[in-house]
Amino acid sequence: FASIENDIYHTFVHGRGLLALDIPLFQYRNELDIRHCIATIETQFQEIRTSQIKSLWEHTHLSTISSMQKQKALEALNNAIVFLFNDLDQLHLDTPLTDLFQQLQFEKKDQSLFFIRSHAKSDCTTLCIKHIGALWRVLNNLVRSERLHDDFITPFVLEMYRHSLPNELQKQIKGFVKKTSLAIMKEVLDAWREIAYKQGQIERKQSNAQEFQLVFSLQQHLSENDLSCFPCLTWRFCAAAYRCAYQESKKKDQRLLSFFQKFRSRR
């Protein structure tokens, strides 16, 4: 995605000639599309429609993870459902979900969310494809009830991390968003929210310069290359800096979407 965004930016925005791209529509757009995929799969495979996970759920890692991780797990499950929907003839009900995610080349940390804890006492000790409908409903309901507001993180952090953002730092954040692809920005914002959710109530000493730098926390989730242009921000600006980065990222996303809509209307 980053390379595509860069091509679009440098070609269209700077007027360096036309770049012909044939980009298919996303496989799914919202919950209604996923529900349609599940309904189609369950119509063809009765065992998926009747499978239950009540006795298994409490033994899954999914039952103990944070709201942010549940959202990530639901996104992974959405992708898996679309994949199965497009290849129903090759669907094997007893295939472990972790094997499916491995086939789809998901990261190991995302695969591990669907593991069953080793001390589980159940007739079934693995989440399989036959559980995918029941699992999606449980996970989707939890995510909806626990959904975090993406546009701010103020409630998750101490008062000492809610200082207003100086103009110079605002400029630096806007510059970072401008230079960073939307795909990487989504990862940055997701990691930033998760850090605030898990660590925002910890008091840090400003004397520990490294620990007080936001980038130090983000580096636990993202590569050095992804954060190469990240501003020199301390935890005291955590909430305001996130808000600024989120708003700039949304503006960039809307500009790109608007451009695509105009481009498609002219074809």
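The values are calculated or read from the model by the stated rules, or taken from the named source; none is laboratory data. Because the structure is a prediction, the values reported are computed rather than measured. Cβ sites come from the backbone with ideal geometry, for glycine too, and all protein chains shown count toward neighbours.
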| request: Check the range 226-234 and report whether any residue there is under 16 Å from L169 (Cβ atoms) and in a helix (DSSP H, G or I). | output: no
| task | Please identify the pairs in which a residue from the range 88-100 that is over 15 Å from T125 (Cα atoms) has its Cβ atom under 6 Å from the Cβ atom of a residue that is part of a helix (DSSP H, G or I) and of a type in the set (A, V, I, L, M, F, W, C), counting only partners at least 6 apart or on another chain. | result | L91/L84; L100/A80
| request: Give the residue that is nearest to A73 (Cα to Cα), with candidates limited to residues of the range 191-225 that are outside any loop (DSSP other than H, G, I, E, B) and of a type in the set (A, V, I, L, M). | output: A191
| Yes or no: C238 touching a residue at least 60 places away in the same chain (Cβ under 8 Å) and under 18 Å from M160 (Cβ atoms)? | yes
| remark: Inside the range 150-203, the number of residues satisfying the requirement of being buried (at least 16 other Cβ atoms within 10 Å of the Cβ), farther than 26 Å from S66 by Cα and either under 19 Å from the mean Cα position of the chain (by Cα) or free of Cβ contacts under 8 Å to residues at least 12 places away in the same chain (or both) is 3
| So which helices (runs of 4 or more DSSP H) are wholly in the range 1-114 and hold at least 2 residues that are in contact with a Ser or Thr (Cβ under 7 Å, 6 or more places away or on another chain), more than 21 Å from A183 (Cα to Cα) and at pLDDT 80 or above? | 54-57
| request: Working only within the range 146-171, note down all residues that are at pLDDT 90 or above, part of a helix (DSSP H, G or I) and polar (S, T, N, Q). | output: N167, Q170
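Of all residues in the range 217-242, which are surrounded by 15 or more Cβ atoms within 10 Å (Cβ to Cβ), more than 19 Å from the chain's Cα centre (by Cα) and of a type in the set (A, V, I, L, M, F, W, C)?
The answer is F230, L233, W235, F237, C238, A239, A240, A241.
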